[in-house]
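The values are calculated or read from the model by the stated rules, or taken from the named source; none is laboratory data. Quantities reported herein were computed from a predicted structural model and do not represent experimental measurements. Cβ placement follows ideal geometry from the backbone for every residue including glycine, while neighbour counts extend to all protein chains displayed. These accessible areas exclude ligands, DNA and RNA; they are computed on the full protein's heavy atoms, side chains included. Shrake-Rupley method; radii C 1.70, N 1.55, O 1.52, S 1.80 Å.
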Amino acid sequence: MKKNLAPVPKKLLAPLAASIALFAASAPLSSNADAQAAATLKAPIYGVTLDDLSNINAIITSLSKLPYRPTVRVVFDPGTSAAEYYPALVKLHTVAYVMGEIMDSYYFPTNLNTYTARTKELVYGLNGTVDVWEIANEINGEWLRQNPDGSNATVNAEETAIGQMVAAASSIVKSVGGKTAVTLYYNDDSKGNNCWEKPQDYWKTWPTTFLPATVRQNTDYALFSYYPYQDCPGLSPSWNADFSALESIFPNAKVGFGEIGTSSTGAPSSVQTGLIKTYYPMVKSSNDPKFIGGFFWWYYAEEMVPYTKTYWSTLDQTIAPLKVPQ
């Protein structure tokens, strides 16, 4: 999401104390309760995002009560270790597919070594517990740059460096036989409406300008992050055309949404409910064989755990009559 426009950032680090509590509260796993092998996601994908695992047992219960096996996107916070996440991911993998977000766009680094080292730590340390690695989150957002308002030369140099980080992450994941996802921030409807800072940020041209062709060809999932309330309002998407364009950029990828939501849990319930009820059913209305859904509602941990919360019921009732993943 476009963080500099949001009144309250949606992406906050989970308190360290909560992380410690998570692993203190979790029963030790026996040696034979090891991670399952990485799985192939079944489509359509009914995704949700977990940016806080401190209430892991309630999360597991909540996920297990959904009508279909969901895919959970786990946000790995900077300053944490792969070992800290491992017990929770093993548990999550028993009730859901897992997509690991290597680094949220809000915390994206400015140098190749940092991103490469973090990717290696997570990919090697969590091998078998993650089915898809999101190697680029909202990667065309101007907030990833040190100088969002810089000159063209500065912007191009910084975006080139970001593209090199994504390429390095792709190589690491592919070297162990893993699958990759690239999420672009949807910031232009190609009808004259946009919310980008610089033309270089346009989702349609960023990948072909700053990502090597091999990365685009090897990407397994190409996704949109879409925050139409306050963050990037006034757009009028033509999703069929937009996903067709995305497929031409990432020719071997399946397509969908990597995030939908609002910048704050305080957004009106009518807005949040409307987004859930509008977007998840696209898996039924879309005729695109490459469209896999996704969606990955950002505030699952905050708004849908425990499963007695209203938004969980909204999600449950919305996806129950939809397609069974196959």
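Descriptive notes on the structure:
- Here, the chain has an Rg and a Dmax of 18.4, 57 Å when only alpha carbons are counted.
- Long-range HN-HN contacts of Leu50 with modeled amide H, under 5 Å: Arg73, Val74, Val75
- DSSP beta bridges in the chain [antiparallel fraction, %, rounded to 5]: 5
- Stretched out straight at 0.36 nm per residue, the stretch from Lys42 to Ser269 would grow longer than its current Cα-Cα span by 78.7 nm.
- Residues whose placed amide H lies under 5 Å from that of Ile135, excluding near-sequence neighbours: Ala181
- The equivalent ellipsoid that matches the C-alpha gyration tensor of the stretch 152-207 spans semi-axes of 26, 15, 6 angstrom, in descending order.
- Evaluated with a Cβ-only charge set (Lys, Arg +1; Asp, Glu -1), the stretch 131-232 carries a dipole of roughly 360 debye about its Cα centre, given to the nearest 20.
- Distance between the stretch 275-326 and the stretch 59-136 - C-alpha centres, whole angstrom: 20
- Stokes-Einstein D (µm²/s) once Rh is taken as the Kirkwood radius of the stretch 119-175 over alpha-carbon pairs, at 4 °C in 1.567 mPa s: 102
- Values of log10 I(q)/I(0) for the stretch 168-254 across q = 0.11, 0.25 Å⁻¹ run -0.32, -1.27, by the Debye formula with one identical scatterer at each alpha carbon and no solvent.
- Thr94 paired with Lys323, simple spin-label distance in nm, labels 7 Å along Cα-to-beta-carbon: 3.1
- Full extension of the segment from Ala245 to Ala83, taken as 0.36 nm per residue of separation minus the current Cα-Cα distance, would add 54.4 nm.
- Förster radius 25 Å - calculated FRET efficiency between Ser175 and Asn111 (Cβ-Cβ, nearest 0.05): 0.75
- For the peptides 100-108, 156-164, 265-273, the ranking by mean Cβ contacts within 10 Å, running from highest to lowest, is 100-108, 156-164, 265-273.
- Rh by Kirkwood over Cα pairs, then Stokes-Einstein D for the stretch 109-215 at 1.567 mPa s and 4 °C, µm²/s: 89
- Here the chain has 53 percent of its accessible surface on carbon and sulfur atoms, given a 1.4 Å probe and all protein chains in place.
- Heavy atoms of the protein chains alone define the surface here; on that basis the chain has 38 Å² accessible area per residue at 1.4 Å probe size.
- Stretchable slack from Ser190 to Thr209, in nm (0.36 nm times residue separation minus alpha-carbon distance): 5.1 nm
- Quotient of C-alpha Rg and 2.2 N^0.38 Å, computed over the stretch 175-326: 1.08
- Only helices enter the 222 nm calculation for the chain: every DSSP H run of n ≥ 4 contributes -39,500 (n - 2.57), and dividing by all residues gives -11000 deg cm²/dmol, rounded to 500.
- Reciprocal mean inverse distance between Cα atoms of the stretch 190-236 - Kirkwood radius, Å: 12.4
- All Cα-Cα separations within the stretch 97-152 were binned at 5 Å from zero, giving a P(r) of 4, 18, 26, 21, 16, 8, 4, 3, 1, each value a whole percent of the pairs.
- The magnitude of the dipole of the chain, with charges of +1 and -1 set on the Cβ of Lys/Arg and Asp/Glu and taken from the Cα centre, is near 720 debye.
- Extreme residue, positive dipole direction of the stretch 204-263, given options Phe243, Thr214, Gly258 (C-beta unit charges): Thr214
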